[in-house]
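Trainee: One structure coming up, written as structure tokens, with questions to follow.
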Amino acid sequence: MKDLIIGASTNYDWSKLKYWINSINQSGFEGEKVLILMNCDADTVKKVIDSGFKIIAFNQDESGNLSHQSNLPIHVERFIHIYNHLSKLDYRYVITTDVKDVIFQKNPIDYIEKVIGDKDLIFASESMLYADEPWGNQNLLETYGSFVHERFKENEIYNVGVLAGRAEQMKDLAMNIFGAAMGKPIPICDQSTFNFLISMHPYTKSSHYLSSEDAWAAQLGTTVDPSKIDKFGPLLLEPSPKIEGDMVVTSQGEPFTIVHQYDRVPEWKNLIEAKYG
């Protein structure tokens with residue numbers, strides 16, 4: 001049974017997509033690779049396909065350009081398209097990540113096979129509590145109001161931009177996130193609804209909640225971003241990642257499988273883009 005990496009993008013050209021795509025191709029991943037393309041020029045479409053990726057598209061003109069009009073932010077809409085894709089095909093493990101600011105340093109299947117055990121899903125910590133992270137804290141409050149916010153603000157934040165697990169459970173999680181986001185007072189609420197869901201059963205019994213030091217996924221927006229680290233550093237629940245050569249590693253020198261938000265750290269961004277460009 002095949003494994004899958006799937007992502008979604010809108011209004012990105014090859015200059016934005018190539019790092020994600022090239023890193024996957026260099027990682028040793030041998031499963032199916034799918035990119036949901038909502039608004040994209042024909043040249044980029046060709047380069048994505050030539051790189052070995054299947055595309056999910058909606059409207060294509062005579063020149064090959066793709067377009068898709070929607071009132072939903074892609075952060076939320078992507079999950080219904082992921083759900084639809086997983087409903088049609090059988091996979092073993094599925095990884096879905098953000099696209100513009102994510103790279104794969106290693107084959108994610110090697111890590112999943114090592115740690116999954118009797119669990120179904122794998123989540124990646126941002127190494128902070130909601131109450132200590134201003135954007136997330138406000139996002140939680142605006143999504144759910146003061147009653148829920150007061151009860152959940154001391155929870156550790158897990159990032160919705162890097163998700164992995166068994167295919168059937170990933171399919172249901174995608175629908176749960178999408179459904180939970182509908183009707184909320186703010187449009188971008190995938191992170192808050194995801195964290196709300198996974199703080200309760202059945203997820204708490206069926207999922208791995210991995211720390212940064214577990215070397216699965218680095219969330220650099222909270223743990224390294226130089227514009228925030230002076231304030232966030234004392235509030236982090238674990239040590240910050242570091243870089244050795246062109247590899248992002250844990251404080252103990254273990255290379256991460258996935259690196260997220262690398263564009264928040266200018267010096268690291270230059271090294272990573274040189275490697276995967």
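The values are calculated or read from the model by the stated rules, or taken from the named source; none is laboratory data. These figures come from a predicted structure and were not determined experimentally. No Cβ is skipped: glycine too gets one built from the backbone with ideal geometry, and neighbour counts run over all protein chains shown.
Trainee: Which one of Lys2, Lys16 is outside any helix (DSSP H, G or I) and farther than 21 Å from Phe194 by Cβ?
Mentor: Lys2
Trainee: Only residues in segment 1-18 that are over 16 Å from Asp90 (Cβ atoms) and touching a residue at least 60 places away in the same chain (Cβ under 8 Å) count as the first member; pair them with residues that are of a type in the set (Ser, Thr, Tyr) and in a helix (DSSP H, G or I), Cβ under 7 angstrom, at least 6 apart or cross-chain, and list the lot.
Mentor: Leu17/Thr44
Trainee: Let me spell it out: the conditions are (1) more than 28 Å from Lys106 (Cβ to Cβ); (2) without any contact (Cβ under 8 Å) to a residue 40 or more places away in the chain, and Val76 meets all of them except one. Which number is the exception?
Mentor: The single condition Val76 does not satisfy is (2).
Trainee: What residue, among those in segment 59-68 that are part of a loop (DSSP other than H, G, I, E, B) and not acidic (Asp, Glu), is surrounded by the fewest Cβ atoms within 10 Å (Cβ to Cβ)?
Mentor: Ser63
Trainee: Let me ask another. Filter segment 83-106 down to residues that are crowded, with 17+ Cβ neighbours inside 10 Å and within 23 Å of Arg264 (Cα to Cα), then give me how many there are.
Mentor: 11
Trainee: If Ser27 satisfies every condition in (1) closer than 21 Å to Val259 by Cα; (2) surrounded by 21 or more Cβ atoms within 10 Å (Cβ to Cβ) but one, which is the exception?
Mentor: Against the list (1) closer than 21 Å to Val259 by Cα; (2) surrounded by 21 or more Cβ atoms within 10 Å (Cβ to Cβ), Ser27 comes up short only on (2).
Trainee: Then there is this: Given the criteria in a helix (DSSP H, G or I) and either of a type in the set (Val, Ile, Thr) or modelled with pLDDT of 95 or more (or both), does Glu77 qualify?
Mentor: The answer is yes for Glu77.
Trainee: Within segment 225-256, track down each residue that is closer than 15 Å to Val102 by Cβ and in contact with a Ser or Thr (Cβ under 8 Å, 6 or more places away or on another chain).
Mentor: Across segment 225-256, the qualifying residues are Pro241, Phe256.
Trainee: Let me ask something else about it. List the strands (runs of 3 or more DSSP E) inside segment 220-277, counting only whole elements, that have at least 1 residues being surrounded by fewer than 16 Cβ atoms within 10 Å (Cβ to Cβ).
Mentor: Ranges flagged: 242-244.
Trainee: Could you list, in sequence order, the residues of segment 231-269 that are more than 18 Å from Ile157 (Cα to Cα), out of contact with any Lys or Arg (no Cβ under 8 Å at 6 or more places or on another chain) and acidic (Asp, Glu)?
Mentor: Glu244, Glu254, Glu267
Trainee: Further, regarding this structure: Can you tell me which of (1) over 15 Å from Ile198 (Cα atoms); (2) in contact with a strand residue (DSSP E or B) (Cβ under 9 Å, 6 or more places away or on another chain); (3) not in a loop (DSSP other than H, G, I, E, B) is the one Val99 doesn't meet?
Mentor: All conditions are met except number (3).
Trainee: Can you find even one residue in segment 41-58 that is under 30 Å from Thr204 (Cβ atoms), at pLDDT 95 or above and either surrounded by 15 or more Cβ atoms within 10 Å (Cβ to Cβ) or of a type in the set (D, E, K, R) (or both)?
Mentor: no
Trainee: Among the residues of segment 126-133, is any at positive phi and touching an Asp or Glu at 6+ places or on another chain (Cβ under 8 Å)?
Mentor: yes
Trainee: Applying the selection to segment 188-202, what residues are more than 20 Å from Glu150 (Cβ to Cβ) and over 18 Å from the mean Cα position of the chain (by Cα)?
Mentor: Listed by number, the residues that qualify are His201, Pro202.
Trainee: Quick one: what pairs do we get from segment 166-195, first residue farther than 22 Å from His208 by Cβ, second of a type in the set (Asp, Glu) and at pLDDT 95 or above, C-beta under 9 Å, 6+ apart or different chains?
Mentor: As it stands, the answer is Phe178/Glu77; Phe178/Asp190; Ala181/Asp190; Lys184/Glu142; Pro185/Glu142; Ile186/Glu142; Cys189/Glu142, since those pairs meet every condition given.
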